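Shown next, in structure tokens, is the structure this report addresses.
The values are calculated or read from the model by the stated rules, or taken from the named source; none is laboratory data. Treat the numbers as computed from the prediction; the structure is a model and nothing was measured. Virtual Cβ from ideal backbone geometry, glycine too; neighbours counted across all protein chains shown.
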Amino acid sequence: MMTRKFVMVLLAVLCLQVSQAYAQEADAKVTIHSRQVSLKEIFRQMQQQTGMIFGYQARDLEGLPAISMDCNNLPLKEALRRLLDSTTLGFVIRGQNVLIRRKQNDTPVKLEEPSAVATQRTISGRVTTADGVGIPAATIIAGNRNISTNDNGEFFLKLPAGTNLISFSSVGYEHVNIAVGAQNEYKVVLKERVGNLKQVEVVSTGYAKLPKERATGSFGVVTAKQLEKIPVPNLIARLEGQVPGVQLNLTESDNSFVYSNLTGDVQGNGSYSVAIRGTSTLDNNTNKKPLLVIDGFPSEMDMRTINPADVEQVTFLKDAAAASIWGARASAGVIVITTKKGKSGSAPRISFTAGAGFNGKPRLNSLPFMDAAQMIDYEQELVNKRFITDPSSLPASSQRPISEAVDWMFRLKRGEVTQAQEDSAFAVLKGRDSRSQVSKYLLQPASTQHYDLNISGGGDRYTYFVSGAYDKENTSTKLTSGERMTLSVNQEFKVYKNITLSANLRGSWFHYKTGNTGIGVYARSYSPLMPYDQIADANGHGVDFSRAYYARRLSSLEAQGYLPWRINYINEMEMNDNTTNESNYAANLGLNVPIYKGLSFSAQYMVERASSKVGVFNSDSSYYTRNLINTATSISNGKLVYGIPLGAIMNQNEFAKNNYSLRGQLNFDQNFAGKHQVNALAGSEVRQTIDITGINTLYGYNEQNQYSKPVDYVTPYLSVDGYYSNLSYNNSYSNRRKRYLSYFGNFSYTYNGKYTLSGSARYDDYNNFGLDRKYRAKPFWSAGASWAISKENFLQPVSWLSSLSLRATYGINGNISMSALPYDQLSLATDYKAPYDPYAYVFSPANPALRWEQTGIYNLGIDYSLFDYRLNGSIEVYYKKGKDLFATFPIDNTLGFDNLTRNTATLDGKGIDIAIGGKMIRKKDIEWSANFVFSYNTNKVTDARYNITNYLLQSAGIGGPLEGYSTDYLMVFRYAGLDKNGSPLIKRGKGDTLNIYQQVRNINDLKNAGHVNPPYFGSLSQTLRYKGLSLFVMLTYKLGYVFQRSVPSNYPGRYGLSNYEMNKLIDQRWRKPGDEAFTNVPGLSGNSGAGLIRYVNSDINVLPGDHIRLREVSLTYEVPVTWYQRLPVKNISLTGAARNLALLWTKNGDGIDPDFPPSIANLRLPPSASYNFSLNIGF
């Protein structure tokens, strides 16, 4: 149904756009009024007005005098002819590219003796490559007539009277002039041009676009062409390794947009994390994610809502000069996404892509499970040492479930079976491996589908880009999947001469379904699925398991009329319907009005609305429902009394997020006397976000008539165990509103194209901060300068230096707390308790002095290009100093609270970003390019008021902030083996030994194992093209950090076994005196507290995380035009891609993947290799 609706809507919109597009085809036009400016400045203005991309070699522009130009609404081609007529330069337009190059002084190629054509006549022919492949859109100039070849390189030209010479050109090929002869048909061969073109690079701050050569701040740009090389449905995955200073961790294994957390403020948590130049805050309730800006406005949506094929460019704002204009949300960096727009004077271009992918089998065997024999041995010791008690000897309410092997052990103790029978049963159990059945019945290889259709173009006064896409992901858990549909419509209208009206509409719709627990059957509990358990019998029918009580008690209760009280994992897959339906809408409306000579006014309005409805339907046959009803059921006078009504249970969660912004802005862009370039903007913005959450539970729900039964939350019911209890009240509603008022400005001045000064400021006011305006409203600012050194005269003789510039900036960014408020925060009770009246309590006191966090950033950068732009790169160093950071410190507890979150802490950070790119080989048929990204980042807490807690001393691990340490330190114990009782020993800093009964007293008795986040990270990507075949390979690396390997962490305590331990290392445990010489794994007795903690967080379990990963390999084949020259098709390409193929190197000797360390605790599988194949057709 979702697919059908999508296709109908998309086709309707596309048909409308096609009809409009063909009606409005026309050349782009420009209006230029400039006096004595450089050609580069004229090209910039033309690029800005038309959206065309201008390419040129810098040396071709050197030495040319300043120029003046006046034209009104002139076609671009005519404007370029007038501009370049008196120069040594010419131009070629192909599609959306304008190539500026020196005019050729070739001697005309004589096909026949030239003769002037006195009268008009029509000629035809074909323009091809040396291989005979037709060149589409090649430019042909004859006199005052200008035409282009068709998709097959063919042309038909009516020669103007008196024409003697015809010019043929195309981007990437040598210019050819041919003398007009008597023949009417011509075959023209263009030779491929070898060289490097410099494209006018543009960066976006979200408020404005400017050439990168005049930007003083630190920007990282990822283009659409770079994104295309990584065919993953989620945009966030395509950004990995692309930009220095951006650390992206992907923690979902075999899916991209089917997150573990899909709703509310936690969406994406646990699936990915993004950090731009490290950590800038200390408080967990403070925003740590970069600000996301889409088409000029902050967005509250996740990146999974965006179709990657709709993205034109992603810009990372990394320092204060780049990001400070965003003020209070810019401390963690800013990600600016610019979506694709139509181009003026462009015929309709249609692109269709279809793709499918699949993954290898889920890597269940990577988890360090015990096998069946090891588990039985482990259970035998638990029984022998009475950590598990025979349930038949306990009161009914205490009869906990036991495994099949433990049941045999107790039956032997009771004399119900013989030793031979138990041995025979164990022999069968030891031959089983439950992982094979879990893989067969609950898991599957993940798979994907992708379909994308877009059309773009434009005329003189209207441009458009329309896109629709459908994606589906089947995860590695059966019946768990996600569908996504996206639709985008970007339009721009020219009204009343130069007034521009833009309308960008974007929508995304998701449908998620969760069918079974998958590997969750092994989740840590008292009764998990055992290695010897079988979830299906020999006939494939599901097997029942006791999970609430001992099987014999369940049989007795069921005989008395209780609902069946066992779980069947296979049958359960059809008894639950856990679905999430999500809708996201966004609209941007903009108006730009020129006022006078470079001054313009723009007004923009943005609205976002996101809603998510989660419905967890547990049928009356599901284990969840049966277990809940049975637990609340008692027997009175021989009859069952239900505390919860019979029927299904429906849990409904609804989330909504509305985001509104209105902005007014003055823009100024002018060049004076050809030497003074001034760009400035100033404006104001109001913004409001509303978060709504509603949770409701319906009991006795009938799916057919959608009615539910009333329940009594006040009156206690008598449970199956004879205790009185109340039904939990899970209904809630919240509505949170945030309002912002901002004033902002940005100024940039460039002299003679060499020296640039810039500054920006923003003043933010926020309704949830400070009762005093001096705290609530505080300005953020930045200043920067750049010097284009390579343009100085003294460097002109250095031919191998194409460009060199120096940048320096300083500024202050801000951040906000998501929870701290300036007034008392009350919490209403979520349940009823005696005397059953509603009540509330203050959970956080007022703090009228709340204000923004502030992070000052120094940045120094060098950008360079060498050998005619064949090698280019940048080097940046930065230093960050945070103050007024949110931190929780003790206060006078006579006020009723022990702690208060305040603006008080400090944090320093520093780092280096390096990017190197080059084209080692660029020839006609072969091309080889490479890009290397290196980043270093670390930080240090500088606040001396943080205390070393006793919890940290006794537990080690990752603790709170400490002066002189990084925020991601890992403290561990120095392990000294086991004592004669099988308990851990540790060494103090002075070398003496402590047993489990002796406490750690000093921080020096712990060892700082290092960083848990890699301070060094980056990537190496290479592209190799041979004719129409292109190979892309990306390697990512992380260095200088550590992680903890998975070890046993559940030991029986004073009250017996709480949860089973399934880690296979438990099989190496100490069992008897003398074993301490051969093992480091503690014995089961007496080690549930300090002993276990000291073993888990010891240095012997810390491994280096350094690794190099083969992240992406893709191969694209551009099908030769000759294969489909008779079809109405412009291009056809086939792409095959592979992802997560291998770890090429790991520093830890165990070969463990540090990004996905195998763990029984979190049950997250490492990703299996994925393969994707796609077809793209352009019309």
Residue within the range 354-364 that is buried (at least 19 other Cβ atoms within 10 Å of the Cβ) and touching a His at 6+ places or on another chain (Cβ under 7 Å) present: yes
The range 1129-1146, subset farther than 22 Å from Arg238 by Cα and touching a residue at least 60 places away in the same chain (Cβ under 8 Å), residue surrounded by the fewest Cβ atoms within 10 Å (Cβ to Cβ): Val1129
Criterion violated by Gly345 - all others in (1) surrounded by fewer than 21 Cβ atoms within 10 Å (Cβ to Cβ); (2) at pLDDT below 90 satisfied: (1)
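Of all residues being surrounded by 20 or more Cβ atoms within 10 Å (Cβ to Cβ) and more than 32 Å from the chain's Cα centre (by Cα) in the range 651-673, which is farthest from Glu574 (Cα to Cα)? Just the residue, please. Show your work before the answer.
Here is the first cut: in the range 651-673, the ones surrounded by 20 or more Cβ atoms within 10 Å (Cβ to Cβ) are 655, 657, 659, 661, 663, 665, 667, 671.
From the residues that got through so far, the ones that are more than 32 Å from the chain's Cα centre (by Cα) too are 667, 671.
Numbers: Asn667: 60, Asn671: 69 Å.
Looking at the filtered set, the residue picked out is Asn671.
I'd like to check which strands (runs of 3 or more DSSP E) are fully inside the range 13-90 and have at least 1 residues that are more than 25 Å from Ile350 (Cα to Cα), out of contact with any helix residue (DSSP H, G or I) (no Cβ under 8 Å at 6 or more places or on another chain) and at pLDDT 75 or above.
Values: elements: 29-37, 53-56, 67-75.
Because the criterion is at least 1 residues that are more than 25 Å from Ile350 (Cα to Cα), out of contact with any helix residue (DSSP H, G or I) (no Cβ under 8 Å at 6 or more places or on another chain) and at pLDDT 75 or above, the strands (runs of 3 or more DSSP E) in the range 13-90 that meet it are 29-37, 67-75.
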From Tyr550, Tyr569, Tyr585, residue being within 30 Å of Val293 (Cα to Cα) and either among the aromatic types (Phe, Trp, Tyr) or at pLDDT 95 or above (or both): Tyr585
Verdict on Pro531 being farther than 29 Å from Ser392 by Cα and either modelled with pLDDT of 95 or more or in contact with a strand residue (DSSP E or B) (Cβ under 7 Å, 6 or more places away or on another chain) (or both): no
Search result, residues across the range 480-501 that are crowded, with 18+ Cβ neighbours inside 10 Å and not in a strand (DSSP E or B): Thr480
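I'd like the full set of residues that are assigned to a helix (DSSP H, G or I), within 25 Å of Tyr642 (Cβ to Cβ) and of a type in the set (Ser, Thr, Tyr), limited to the range 551-585. Please lay out each step first, then the result.
Step one: list which residues in the range 551-585 are assigned to a helix (DSSP H, G or I), which gives 551-559, 569-572.
Cutting the leftovers down to within 25 Å of Tyr642 (Cβ to Cβ) gives us 551-559, 571-572.
Hits for the range 551-585 are Ser555, Ser556.
Looking only at the range 1049-1063, how many residues end up being closer than 13 Å to Met370 by Cβ and in contact with a Phe, Trp or Tyr (Cβ under 6 Å, 6 or more places away or on another chain)?
Applying the first criterion (closer than 13 Å to Met370 by Cβ) to the range 1049-1063 yields 1050, 1060-1063.
Then keep just the ones that are in contact with a Phe, Trp or Tyr (Cβ under 6 Å, 6 or more places away or on another chain); that gives 1062.
Looking only at that region, the number is 1.
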Test: residue in the range 321-342 that is farther than 29 Å from Thr448 by Cα and surrounded by fewer than 22 Cβ atoms within 10 Å (Cβ to Cβ): no
Restricting the range 607-645 to residues that are touching a Gly at 6+ places or on another chain (Cβ under 6 Å) and under 17 Å from Ser728 (Cα atoms), the residue that is surrounded by the fewest Cβ atoms within 10 Å (Cβ to Cβ): Pro645
Flag for Ala405 being touching a residue at least 24 places away in the same chain (Cβ under 8 Å) and touching a Gly at 6+ places or on another chain (Cβ under 9 Å): no
Failed criterion for Leu860 (all others in (1) modelled with pLDDT under 90; (2) touching a strand residue (DSSP E or B) at 6+ places or on another chain (Cβ under 8 Å) hold): (1)
